[in-house]
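The structure is given below, and queries will be raised subsequently.
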Amino acid sequence: MHLILFGAPGVGKGTQAKLLSSNFGIPQISTGDMLREAVRTESELGKKAKSVMEKGELVPDDLMLGIIKERIQREDCKKGFILDGFPRTIPQAKHLSELMTKLELPAFVCIEITVPDSEIIRRLSSRKICHSCGADYHSATNPAPADNKCTICGGNIITRRDDNVETIQKRLDIYREQTEPVKKYYENLNHFYSISGNNEVKQVYEEILKKLSLN
Ligand code: AMP
C-alpha cells in the first residue's frame, strides 16, 4: 500500500499514520520527524532547516525532494509506505509522481483528514511530543507523565518550538496558500478521499480503513 495522509498540521496525520504503520507493517514517513531529527543531530540538513521550521515556514522543495528520494528507496519501503507531511507543495507532488513512475511504483491512495481551525489551534497549543520517538501527548486525551519521560521509549517529552499560537496560525496560513492546492492534484488522479478528523482517534482510524477497503 502506498498512502498519503493529507491535511493541515494538527489534524491527526501522525497519530493515524502510526496506527496504520503497525497494522500494515509498512513505515510511516514523516518529513517533519525526519527534519526534527536532523535539527537534533545538527546535521547539514538540520542546520538549513532549523530557523525555517521555527518560523513555521516550509523547507525548500529541493531539500525535501532529496530526503524523500533517498527514504522511499530503502529496504523497509518495499511493501509500501505512508507519507505524513509530504507533499506540501505542487512541485513536491509533481516530482513525487515522476519518482514513483521511475521506480515503477503504483499510484497513491490519498486520504485527506479535515478538522476546523479552532480545534487545530486548541490541539496544537496543548500538544507535547517525545523528543526521541515523536510520540504525541495532549493534556486532555493523553497527558504526559509527571516526570516528562516518554511512556514508549523513555525519551524526554517537550513542547515543539512551532506549537505556539502565533506560529500555529502562520502554519495554517501557509497550509492554505501552498499545501491546499495539492489536494486538486490528487483529486484529479483519483483514489482521493476526504474524512473528518474531528472525532475519536479510533473512529477516524475506522473511517480510514473503510476508504482503504475501497481500493
Ligand atoms: P510537521 O511535523 O509535519 O508539522 O512539520 C514541521 C515543519 O517541518 C513544517 O512546519 C515545515 O517547516 C517542515 N516540513 C515538514 N515537511 C515538509 C515538507 N514536505 N515541505 C516543506 N517543509 C516541511
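Okay, residues lined up against (1) touching a residue at least 40 places away in the same chain (Cβ under 8 Å); (2) surrounded by fewer than 21 Cβ atoms within 10 Å (Cβ to Cβ); (3) touching a helix residue (DSSP H, G or I) at 6+ places or on another chain (Cβ under 7 Å); (4) among the aromatic types (F, W, Y):
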{"site": "K50", "(1), (2), (3), (4)": "no, yes, yes, no"}
{"site": "Q73", "(1), (2), (3), (4)": "no, yes, no, no"}
{"site": "K79", "(1), (2), (3), (4)": "yes, yes, no, no"}
{"site": "F86", "(1), (2), (3), (4)": "yes, no, yes, yes"}
{"site": "P91", "(1), (2), (3), (4)": "no, yes, yes, no"}
{"site": "K94", "(1), (2), (3), (4)": "yes, yes, no, no"}
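Further, regarding this structure: A49: in a helix (DSSP H, G or I), over 18 Å from S125 (Cα atoms) and within 8 Å of the ligand (Cβ to nearest atom), yes or no?
yes
With I129, I113 as the choices, which residue is closer than 24 Å to V59 by Cβ, modelled with pLDDT under 95 and touching a Phe, Trp or Tyr at 6+ places or on another chain (Cβ under 9 Å)? Talk me through it step by step, then tell me what you get.
On the way: I113 fails: modelled with pLDDT under 95.
One residue alone meets the criteria, I129.
Which residue, of E57, E37, is more than 17 Å from Y185 (Cα to Cα), surrounded by fewer than 18 Cβ atoms within 10 Å (Cβ to Cβ) and more than 8 Å from the ligand (Cβ to nearest atom)? Outline the logic, then answer.
Details: E57 fails: more than 8 Å from the ligand (Cβ to nearest atom).
Among E57, E37, only E37 is more than 17 Å from Y185 (Cα to Cα), surrounded by fewer than 18 Cβ atoms within 10 Å (Cβ to Cβ) and more than 8 Å from the ligand (Cβ to nearest atom).
A follow-up question, please. Quick one: which residue in I67, I82 is assigned to a helix (DSSP H, G or I) and either among the aromatic types (F, W, Y) or under 28 Å from S22 (Cα atoms) (or both)? Before the answer, list the steps.
Details: I82 fails: assigned to a helix (DSSP H, G or I).
The match here is I67.
Let me ask something else. State yes or no: is A8 closer than 17 Å to L209 by Cα, of a type in the set (G, A, S) and in contact (Cβ under 8 Å) with a residue 12 or more places away in the chain?
No.
To continue, here is another question. For a quick check of your reading of the model, give me the residue pairs whose first member lies in segment 139-155 and is within 12 Å of K128 (Cβ to Cβ), whose second is surrounded by 14 or more Cβ atoms within 10 Å (Cβ to Cβ) and small (G, A, S), with beta-carbon atoms closer than 6 Å and at least 6 apart or on different chains.
S139/S126; C150/A135; G155/S132
I've got another one for you. What number of residues within segment 2-34 are more than 9 Å from the ligand (Cβ to nearest atom), in contact with a Lys or Arg (Cβ under 6 Å, 6 or more places away or on another chain) and either part of a helix (DSSP H, G or I) or of a type in the set (G, A, S) (or both)?
Residues meeting the conditions: 1.
In segment 67-81, what residues are within 16 Å of the ligand (Cβ to nearest atom) and either farther than 20 Å from A38 by Cα or out of contact with any Leu (no Cβ under 9 Å at 6 or more places or on another chain) (or both)?
Answer for segment 67-81, where residues must be within 16 Å of the ligand (Cβ to nearest atom) and either farther than 20 Å from A38 by Cα or out of contact with any Leu (no Cβ under 9 Å at 6 or more places or on another chain) (or both): E70, R71, F81.
What are the residues in segment 94-111 that are closer than 21 Å to N215 by Cα and within 13 Å of the ligand (Cβ to nearest atom), if any?
Residue satisfying the conditions is L96 alone.
Also: Specify which of the listed residues (S125, S213) is free of Cβ contacts under 8 Å to residues at least 12 places away in the same chain, more than 18 Å from L83 (Cβ to Cβ) and out of contact with any strand residue (DSSP E or B) (no Cβ under 7 Å at 6 or more places or on another chain).
S213
The values are calculated or read from the model by the stated rules, or taken from the named source; none is laboratory data. Every value quoted in this text rests on a predicted model; they were computed, and no experiment measured them. Methodologically, a virtual Cβ is constructed for each residue, glycine included, from the backbone with ideal geometry; neighbour enumeration extends over all protein chains shown.
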